[in-house]
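Worksheet for the structure shown next.
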């Protein structure tokens, strides 16, 4: 809470009434004369054409799915097909109001939106731009196929065929598809036309779209962003979080006014009245009309209204008005665009939840034939012209489809030849000091910042005699984090950081103290307690081309952002076939002394998900060097920190923490103590307990223990770990993550594979117990400590003469605990 | 209380036996001395009698199991004693550090029952044992649950220093051999008890670099750009050997004692080549250049790889000079002090593998040179003399030529002449 905003009890306790604006419902009134004035004849005919093209595009897929053939072309499409037959007017109408620089993000049912936006962009860009886009996109792979199909009248005709072909090829998982087939039906996108990722998670686009809108606002990029999401998604947490995040007061009260206000985002609900088979209106939700939900978000009710999505010009009108509001900074906006799908949710849908008569009622009001009739009635076209459009459309679809189903013209990614093709897409592994060339916006010179204080501190925590120096005068782990953050803020103008308590408070653990003074609001701000949106917004910001460093206050809160971390942050680089980058560093703090919901180390869960890099530094030197590494990359990193360590000075790296910039080499474990009898390998803060155990093993048992901090979970170089295992033959792995399913078991398995013949016993794993984290007073029975480490060494690896263990760590305990499930 | 019937010890060399069949069913009454089961060792089939009386509570081994001697095969007792007894007989050794303190449970016992018939030893300990010819099967493991670990083998090694014959020890130390399976630990380990170790594949990957990289490239180029033909012959080596003996025993002051067979070879080649200019020539850019002098390349085996320093104008050097210069060049190669210009400009090369027992081989040319003489070892060859067969020492000569520019017959004539010169090397030196 910034000090500039005072909460006055006199005001807060005042009786009053909340008054809300009235929301328009289907307010658009058709006025043929006005429409003829607003749009050229060609534009109106194009609306018809585009709707027809979408209908035919989807019909062909429907035929493939249900009959295995379309106009004599036989094809078995194995993947999904969520068709939008019936919804064409909502998509085409929207794009009538957009420019190429405006972004749309969609859902699993977005083929129509992709085509509508693409067709609109093709008309807006000049021919040279179109040719360049087609030539450069994916090395011209789709263009080469399309060029060979026909002689085109001009670049726009070629681009239309390219758009249809690239989308089909993507749906059919071909290397010539817009995302090399890695996205498929539900994830296709094409950034040059403003078609951004479509999301197969219901509502998944809401916070990502907001992140892109935030990017546009913070980086002063033109255009608006639309999240096209389904009616049922309004009840999902991340959508709710995104709408609230989009409506924060601070855009108006605290951010620089010249920046232009709130992020330009339109939450556009494609309301087809069904969430799969459930009916939000009347059955599964209670909003009556979806537009009403806007009333809950802010005083402007998100400028929400219901729009007749069966009239493309009504949708265009509403979209145009919202766009003007958004560009003026008055967002967010919300539209409840009613529409209807004739086809099922998917081909397997027998429509058991609705009657034939209902579908027929909508068919009777079909937007395409209705709009065609209007065109004829108003003299914009005659029926033979419409017939010609139909014939051309069918011809285009058929011609393109023949190429798209043909495995010679449109091959799949040759995984049988190059099995690592997808592996090569998982990470971009680039070094990017700055993602834009302009000067970073800051409030003070770097040398005037808190760096002045931190750089003057002792950089190593022990004096020459090995005694600890005063903590307040020594650089801590938290301050090492600060130094890495501020460095990148002053290098990369696109970098922003946000989370709960990030400003003023400086993060709940003070790592950002000093950044508030250095950075304007739009580069460092507090968010609502909306973990899903915190991560989802960062995903969108990164995909749009900026560097985001969001923070989750406690590791335990990752559950609230599960989809955003596991399905969004982890997936988009590869699902885009490396068209997009994900320069996103998610800082996550592992708690302690705070009970069962605030003290868990979930690094193992994250490491399990393909597509994420996972770092976990244990010393100030590594904290700074590894955060520097993460913040100059282009890959998604989940950066674990431990609350046990924030006040820890550097006591292990002899030179202390350099004041200058440096990076730790990615994936490299570090040997903190060399030894010959046993290897103890740790992840995270357990390192210090392992060093204590090593001291005791030497003092009390005459054993020389090697202690290695893995530092990285993914990527991880096993060579030094295996070398240590081969040397000592006895390996203990320890971390604060609960033992069952711990990443330590993956390490144990790999080390066993790599060093089997040298092992003097099976690699032992010591995690926390498979319990709830007990109260702080009982910590020692739960987390691995030096005692537990020596106990497990004694019972599993090397019985120590005369030693009396304090805990049961024998192999028998493995089966006993597993049998009991604890 | 139940009693165990154990697999008896059936002689000094029998360590285990296979159960062939049970004669008493579980639950049946059995008396001490009754036939209990039939077993088979590697030497004989035997019948085992029960050593206890009562009800057969459990057969601890199945038909077909191989059971170590002195381990329990059956439990005999009264009904009701079964549960505790199985646990007791399958339980861990009392040295287990925490078992008694922590209490036991069924899962743990299940675990150990499965393990009781195998020798528990870590891979590391087994490797150490096999490398040192230690039979570990009777060693008590000090590791968790009785596992034999590295320190147990180390202790056994300290106790049993003299049980391996010196030859066997040397073989074991080489790392190429290990003790064969099933060797009884109480007998001295000899060469016959060892079997070769199966080597890990690709133990070490060494990227090509430096001289090795150059050699690899040049040899490949040599084979791909020339037509190489190797001719093999032998030459009477009696004169060589006799002359070498004389040199070796000559007065120290003459400085000839160090002249080797190879020096004599070099000398002979240097004196023979001028008569065969086709062999003392270079072929490059579609041109043959015949040289006036013999610049004799000398293949030297150094730690860094094969090198070929050049004896310049060898045809004009005396035997003593050739010997001294050859030695100087070889030592410079081995010391790494050889100069680049001493490694280039050769017109013909001699490579001698005779000292390593090679009789003949197919040397690879050093282009643009067109001839290279490989020298083999000296071996006895039956020769017919005066109607009788005598064994005469002969030295192997393998001449590789570039068949693009030299025909077989002239090359053969060179070999013939060289052989004749070697056969009268003493005279050749005098010329």
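What follows draws every value from the coordinates through simple rules; no lab data is involved. Small disclaimer: the values here were computed from a predicted structure and weren't measured. A quick note on method: Cβ atoms are made from the backbone with ideal geometry, for glycine too, and the neighbour counts reach across all protein chains shown.
Brief remarks on what is shown
- Both the radius of gyration and Dmax for the stretch A:109-166 are 10.9, 32 Å, in that order, over alpha-carbon atoms.
- Taking chain A and dividing mean pair separation by its residue count, relative contact order in percent (alpha carbons under 8 Å, at least six apart): 11
- Cut-off 15 Å (backbone N to label point 7 Å along Cα→Cβ of residue B:238), residues of the stretch B:368-389: B:379-389
- Remark: spin-label model distance residue B:362-residue A:471 equals 7.7 nm, labels positioned 7 Å along the Cα→Cβ axis.
- Spatial separation of Cα centroids for the stretch A:290-324 and the stretch A:78-101, in angstrom: 17
- Cα gyration tensor category, rounded, prolate or oblate, for the stretch A:557-704 with a/c compared to 1.5: prolate
- Degrees between helix A:41-67 axis and first principal axis of chain A (Cα, 0 to 90, nearest 10): 60
- The protein assembly as shown: calculated mean residue ellipticity at 222 nm from DSSP helix runs of at least 4, using -39500 (n - 2.57): -10500 deg cm²/dmol
- One compactness figure for the stretch B:254-364 is 1.07, namely its Cα radius of gyration divided by 2.2 N^0.38 Å.
- Debye intensity ratio I(q)/I(0), log10, the stretch A:502-542, q values 0.16, 0.25, 0.30 Å⁻¹ (C-alpha model): -0.44, -0.91, -1.03
- Alpha-carbon Debye profile of the stretch A:679-755, log10 I(q)/I(0) at 0.16 Å⁻¹: -0.56
- Highest GNM mean-square fluctuation among B:319, B:56, B:240, for chain B modelled with Cα contacts below 10 Å: B:56.
- For peptides A:533-541, A:440-448, sequence by mean Cβ density within 10 Å, most packed first: A:533-541, A:440-448
- Look at the stretch A:725-738: the mean tally of other chain Cβ atoms within 10 Å of its residues' Cβ atoms is 1.
- FRET E, pair residue A:429, residue A:608, Förster distance 22 Å, beta-carbon r, rounded to 0.05: 0.60
- Averaging the sequence gap over all C-alpha pairs within less than 8 Å and six or more residues apart, then dividing by the number of residues, gives chain B a relative contact order of 11 percent.
- Cβ crowding within 10 Å ranks A:771, A:505, A:255 as A:771, A:505, A:255, fewest other Cβ atoms first.
- Taking the convex hull of Cα positions in the stretch A:670-820, its mean projected area over all directions (nm²): 8.7
- Cα-based equivalent ellipsoid, the stretch A:446-642: semi-axes from gyration tensor eigenvalues, Å: 27, 19, 16
- When only alpha carbons are used to place a centre, the stretch A:600-630 and the stretch A:194-236 end up 28 Å from one another.
- Centroid-to-centroid separation of the stretch B:195-266 and the stretch B:328-387 [C-alpha atoms, Å]: 5
- Exercise: per-residue mean of other protein chain Cβ atoms within 10 Å, A:751-762: 4
- Computed log10 I(q)/I(0) for the stretch A:46-171 at 0.21 Å⁻¹: -1.35, from the Debye equation with unit scatterers placed on every C-alpha and solvent omitted.
- Percent RCO, i.e. relative contact order, over the stretch A:515-601, from Cα pairs under 8 Å lying at least 6 residues apart: 31
- All Cα pairs of the stretch A:139-229, percent lying beyond 14 Å: 68
- Shielding score for B:138-147, defined as the mean number of other chain Cβ atoms within 10 Å: 4
- Ascending count of other beta-carbon atoms within 10 Å, so fewest first, for A:779, A:256, A:601: A:256, A:779, A:601
- DSSP bridge pairs, the protein assembly as shown: antiparallel proportion in percent, nearest 5: 50
- Estimated FRET transfer efficiency when R0 is 25 angstrom, pair residue A:437-residue A:128 (beta carbons, to 0.05): 0.55
- Kirkwood-based shape ratio for the protein assembly as shown, expressed as Rg/Rh from alpha carbons: 1.10
- Shape call, the stretch B:210-430: gyration tensor on alpha carbons, a/c limit 1.5: oblate
- Across chain B, the convex hull enclosing all Cα atoms gives 267 Å³ per residue.
- Here the convex hull built on the C-alpha positions of the stretch A:87-244 has a volume of 112 cubic angstrom per residue.
- DSSP bridge analysis restricted to the stretch A:670-820 gives an antiparallel fraction near 20%, rounded to the nearest 5.
- A quarter of the convex hull surface defined by the alpha-carbon atoms of the stretch A:274-375 gives 8.1 nm² as the mean projection.
- In this rough spin-label picture, where each label sits 7 Å from Cα along the Cβ direction, the residue B:304-residue A:151 distance is 6.9 nm.
- Interatomic Cα distance distribution for the stretch A:39-409, bins of 20 angstrom, percent: 30, 59, 10, 0
- Seen against the Cα atoms of chain A and their longest principal axis, helix A:155-171 is set at about 50 degrees.
- Normalised convex hull volume, the stretch A:621-744, alpha-carbon set, Å³ per residue: 123
- Backbone N within the stretch B:263-303 under 17 Å of label point (7 Å from residue B:341 Cα along the Cβ vector): B:295-296
- For the stretch A:1-97, average projected area of the Cα convex hull in nm²: 14.4
- Fluctuation leader among B:23, B:394, B:295 - chain B, Gaussian network, Cα springs under 10 angstrom: B:23
- Here r is the Cβ-Cβ distance between residue A:817 and residue B:119 and R0 is 25 Å; the resulting FRET efficiency, rounded to 0.05, is 0.35.
- Helix axis angle, B:238-248 relative to chain B longest principal axis, alpha carbon, degrees: 90
- Fewest-first sequence of A:698, A:305 by Cβ atoms within 10 Å of each Cβ: A:698, A:305
- Taking the DSSP bridge list for the stretch B:210-430 and keeping only pairs wholly inside it, about 80 percent are antiparallel.
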